[in-house]
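Written out below as structure tokens is the structure these notes cover.
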Amino acid sequence: MNGLLSTLVDILSEPAILVALIALIGLIAQRKNLSDTMKGTTKTFVGFLVIAAGAGILETALAPFGEMFQEAFNVAGVVPNNEAIVALALNEYGTNTALIMFFGMIVNVLIARFTRYKYIFLTGHHTMYLACMFAVIMAVAGFNTVPLIAAGSVALGIVMTLSPAILQPFMRELTGNDNVALGHFSAVGYAISGLIGKLFKGSKKNSTENINFPQGLGFLRDSTVSIALTMIVMYFIVAIVSGPAFIESELSGGTNYLVFSLIQGGSFAAGVFIILSGVRLVLSEIVPAFKGISTKLVPNAKPALDVPIIYTYAPNAVLMGFFSSFIGGIVSMIIMFISGGTIILPGVVPHFFTGAAAGVLGNATGGFKGAIAGSFVNGIIVSFLPVFLLPVLGDLGFANTTFSDADFAVSGIFFGSLANYAGPIAIVISLIVILVLMAIPFGKKKVNTEEK
């Protein structure tokens, strides 16, 4: 049984396999010939592997930056990181996580099939992370065995549906169509960034992608060049402050600290380039393939895909959003230090992935100013929300890491607080009420007023 659950988790938590299976089902539903089916499925699978490879390079390049930053400024505290906290939790909650993940995905499809929320969440690893968090919270709340899995699965399915739903107006504005949704559990931060961008709607034409560089700096118009040079400079600054002794003894394996920093900054740009290439490959295949799902199985369904899917729309906003979000994290850390409470250190990886997306969506609604302001606020959000999440995680809340993205914190605080103040029955009632509200149709059908 455990072997089967382990295999199930391995399959469902791999975005490349999960999305390739969805593409295969969609192409078969459209009765495509064998050649088109094999091509579409394989290119979708490979495209997501390319994205994963790029993300891996990015994370490898960013990890030393975070350690150098902590050494340079002599700070210690809780570092939000989804992978780290899930690795700790799975030792005790692995079986419940697998079952919540499986049944939560079924709940997501059922909600998409029978309600107006037509979003199928396809970011498998994020689904597993949230399933793990709900396994912990439901156990702390007092649920056990079947009730725990049932409550966790319904909660997961609801969040998998609502997270892309609240972002879709901004996705339509960004992409110019309604074909794809964003499946990444930091939608609260992204939506707030998009709303902040609207405060600068007069600056919308001043996109981050339309920055006018002097003729002598024209090479900066190439996003790969500008990202590489910017990250190399940032690495050099932090490397010089943290000192060669620490870097060469702890991080670089004896390689000169400036050479090491140069390679890491360049690797970061390479990771972004690879991700953008993979995104283009996936989008060209998954959208046509998903039409089989949306027409045959779940009418009008939209695939909610991982966050790099939007990076191609504003590569400059990706870098600006990262920096602005990270600065927001530093400001938040200073405030926490002064106030004497729990200190959340700015994790470089979550600030990159969420800050970049916040920058892209802020840019879509408010141009350059929207990208900077929106991602800065995102940095504050992903810094302060974990402070309020820690108390509802039980013993896991005493670890030196926690969940990093906004939706984890919002949903965790919501369900955890309900349990703390009103017991498990409050969670059950809230889940029922949310499902009923989601099932209620709204709006009137359009009436054809043309003269006959």
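The values are calculated or read from the model by the stated rules, or taken from the named source; none is laboratory data. Just so it is clear, the structure is predicted and the values come from calculations on it, not from any experiment. Quick reminder, even Gly has a Cβ in these numbers, built from the backbone with ideal geometry, and neighbours come from all protein chains shown. These area figures cover heavy atoms from the full protein model, side chains too; ligands, DNA and RNA do not enter into them. Shrake-Rupley method; radii C 1.70, N 1.55, O 1.52, S 1.80 Å.
Observations, loosely collected:
- Heavy-atom accessible surface of segment 18-132, averaged per residue, reaches 43 Å², computed with a 1.4 Å probe.
- Ellipticity at 222 nm from helices only: DSSP H runs of n ≥ 4 in the chain, each -39500 (n - 2.57), divided by the residue count, give -25000 deg cm²/dmol.
- Straight-distance candidates among the aspartates and glutamates for linking to Lys302, with alpha-carbon spacing under 17 Å and chain neighbours fewer than 8 residues away dropped: Glu173, Asp178, Glu285.
- Placing +1 on the Cβ of every Lys and Arg and -1 on the Cβ of every Asp and Glu, with no other charges, gives the chain a dipole of roughly 2040 debye about its Cα centre.
- Converting phi to 3J(HN,Hα) with the Karplus coefficients 6.51, -1.76 and 1.60 and the offset θ = phi - 60°, segment 299-308 yields x, 6, 5, 10, x, 9, 9, 5, 4, x Hz in sequence order, with x at every glycine or proline.
- Positive-end residue of Pro244, Ala301, Pro350, charge dipole of the chain with Cβ unit charges: Ala301
- Three-way shape call for segment 248-357 based on the alpha-carbon gyration tensor, with the a/c threshold at 1.5: oblate
- Surface share of carbon and sulfur [accessible, 1.4 angstrom probe, percent] for the chain: 66
- Cα-based shape type of segment 46-88, given that a ≥ b ≥ c are square roots of the gyration tensor eigenvalues and the cut on a/c is 1.5: oblate
- Ranked by how many other beta carbons lie within 10 Å on average, peptides 155-165, 48-58 from highest: 155-165, 48-58
- The share of alpha-carbon pairs in segment 1-159 lying farther apart than 19 Å comes to 64%.
- Cα gyration tensor, segment 13-91 - rounded (a/c under 1.5), prolate or oblate: prolate
- For the peptides 231-238, 401-408, residues were scored by their other Cβ atoms within 10 Å and the scores averaged per peptide; the highest-first order is 401-408, 231-238.
- Charging the Cβ of each Asp and Glu at -1 and of each Lys and Arg at +1, and nothing else, the dipole of segment 1-129 about its Cα centre rounds to 960 debye.
- When segment 27-123 is described by a simple charge dipole with +1 on each Lys and Arg Cβ and -1 on each Asp and Glu Cβ, the residue from Gly94, Phe48, Asn33 located farthest towards its positive end is Asn33.
- Links that overshoot a 32 Å alpha carbon limit, given the list Lys118/Lys198; Lys118/Lys201; Lys205/Lys296: Lys205/Lys296
- Around the Cα centre of segment 122-264, unit charges on the Cβ atoms of Lys, Arg, Asp and Glu (plus for the first two, minus for the last two) sum to a dipole of about 540 debye.
- Residue among Ser193, Val140, Ser404 farthest towards the positive dipole end of the chain, charges placed on Cβ: Ser193
- Using the average count of surrounding beta-carbon atoms within 10 Å as a protection proxy, the listed peptides 87-97, 431-441 rank, highest first, as 87-97, 431-441.
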